[in-house]
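Each remark here refers to the structure printed beneath this line.
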Amino acid sequence: MRDKLFFPLAALLTVLMVFLAIQPGIGRLPTGAVAGDGLNYNRIVIEGPYLNKVISGGDARAQLIREDGTYYLYIEAAFEALVPAPELGPHFRLAPDIEVQFAAQTVRVTASVRPADSRGAEQVEMNYSTGRAGDSGWQVRDLQPGFSEVSFEYDVPALESDQGVDYLGIRPVVPDKSRALIVERIVLERLP
């Protein structure tokens, strides 16, 4: 085969192989643990398609919705379907890099949230859990008709030996039947 034909065909085959390798990931939503950016752990923001990293857990329903090009997280739970453990309900798993950076620090958790249009919750509860070392307890906050920011602060304990897994639980307060809420953004801030 002549070089004039071989090298263009080899280049075309290389481009085709690279495209076929990355093609399954094109358009896929992010999943897995929420990780830091490796440079600045003072402010971690979970928004847009990254809200898809939520784990429904238990009998709750959590799904990413898109309205007018903006992503939101819809969370719905039925009465008495939720258990006290944050990792057994709707939650985000925090990656080991965040766990190490937040250990022995005060962290502020802020969520931009509103009641859902149908069966809207009047309150939201959030919990920062460090697994074996304890958690913040369920922090209950009242919701407004539109998006509002609700927050709490937690003194994360120091790492004791092996790393555990940190979780951020978020769910509607369900006094009866079922309730739902919409999350626009969650911000984790390491305070000085």
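The values are calculated or read from the model by the stated rules, or taken from the named source; none is laboratory data. All values derive from a computational prediction rather than experimental measurement. Positions of Cβ are backbone-derived with ideal geometry, glycine not excepted, and every protein chain shown enters the neighbour counts.
Just the residues that are outside any strand (DSSP E or B) and of a type in the set (A, V, I, L, M, F, W, C), please, taken from segment 156-192.
Quick first cut of segment 156-192, residues outside any strand (DSSP E or B) only: 156-165, 173-177, 192.
Matches in segment 156-192: 156, 158, 159, 165, 173, 174.
Which ones in segment 117-147 are in a strand (DSSP E or B) and surrounded by 15 or more Cβ atoms within 10 Å (Cβ to Cβ)?
Result: 120, 123, 124, 125, 126, 127, 128, 129, 135, 139, 141.
Please name all residue pairs, on different chains or six or more residues apart, with Cβ atoms under 6 Å, provided the first residue is in segment 48-73 and is farther than 13 Å from residue 185 by Cα and touching a residue at least 12 places away in the same chain (Cβ under 8 Å) and the second residue is in a strand (DSSP E or B) and of a type in the set (Asp, Glu).
As it stands, the answer is 61/76, since those pairs meet every condition given.
Does residue 114 meet the test of being of a type in the set (Lys, Arg), surrounded by 15 or more Cβ atoms within 10 Å (Cβ to Cβ), in contact with a Gly (Cβ under 8 Å, 6 or more places away or on another chain) and modelled with pLDDT of 95 or more? Step through it out loud before you land on a result.
Numbers: of a type in the set (Lys, Arg): yes; surrounded by 15 or more Cβ atoms within 10 Å (Cβ to Cβ): yes; in contact with a Gly (Cβ under 8 Å, 6 or more places away or on another chain): yes; modelled with pLDDT of 95 or more: yes.
Criteria met by residue 114.
Given the conditions (1) farther than 15 Å from residue 170 by Cα; (2) out of contact with any Gly (no Cβ under 7 Å at 6 or more places or on another chain), which single one is not true for residue 98?
(2)
State the number of residues belonging to segment 66-102 that are buried (at least 16 other Cβ atoms within 10 Å of the Cβ) and at positive phi.
Of the residues in that region, 0 qualify.
Scan 156, 150, 107 and give me the residue that is of a type in the set (Val, Ile, Thr), surrounded by 16 or more Cβ atoms within 10 Å (Cβ to Cβ), touching a residue at least 24 places away in the same chain (Cβ under 8 Å) and closer than 15 Å to residue 184 by Cα.
Within the list 156, 150, 107, the selection yields 150.
What single numbered condition from (1) under 17 Å from the mean Cα position of the chain (by Cα); (2) modelled with pLDDT of 90 or more; (3) of a type in the set (A, V, I, L, M) fails to hold for residue 104?
(1)
Is it fair to say residue 174 is at pLDDT below 95 and under 19 Å from residue 63 (Cα atoms)?
Considered against the rule, which asks whether it is at pLDDT below 95 and under 19 Å from residue 63 (Cα atoms), residue 174 comes out as yes.
Look at residue 62 and say whether it is of a type in the set (A, V, I, L, M) and surrounded by 15 or more Cβ atoms within 10 Å (Cβ to Cβ).
So residue 62 passes the test.
Could you list, in sequence order, the residues of segment 26-47 that are within 11 Å of the chain's Cα centre (by Cα) and more than 24 Å from residue 191 (Cβ to Cβ)?
30, 31, 32 - these are the residues of segment 26-47 that are within 11 Å of the chain's Cα centre (by Cα) and more than 24 Å from residue 191 (Cβ to Cβ).
Specify the residue that is farthest from residue 114 (Cα to Cα); the eligible residues are those in segment 163-179 that are over 11 Å from the mean Cα position of the chain (by Cα) and buried (at least 20 other Cβ atoms within 10 Å of the Cβ).
For segment 163-179, the residue satisfying everything is 166.
Residue 39 versus (1) touching a strand residue (DSSP E or B) at 6+ places or on another chain (Cβ under 8 Å); (2) of a type in the set (A, V, I, L, M, F, W, C); (3) modelled with pLDDT under 85: which is the lone unmet condition?
(1)
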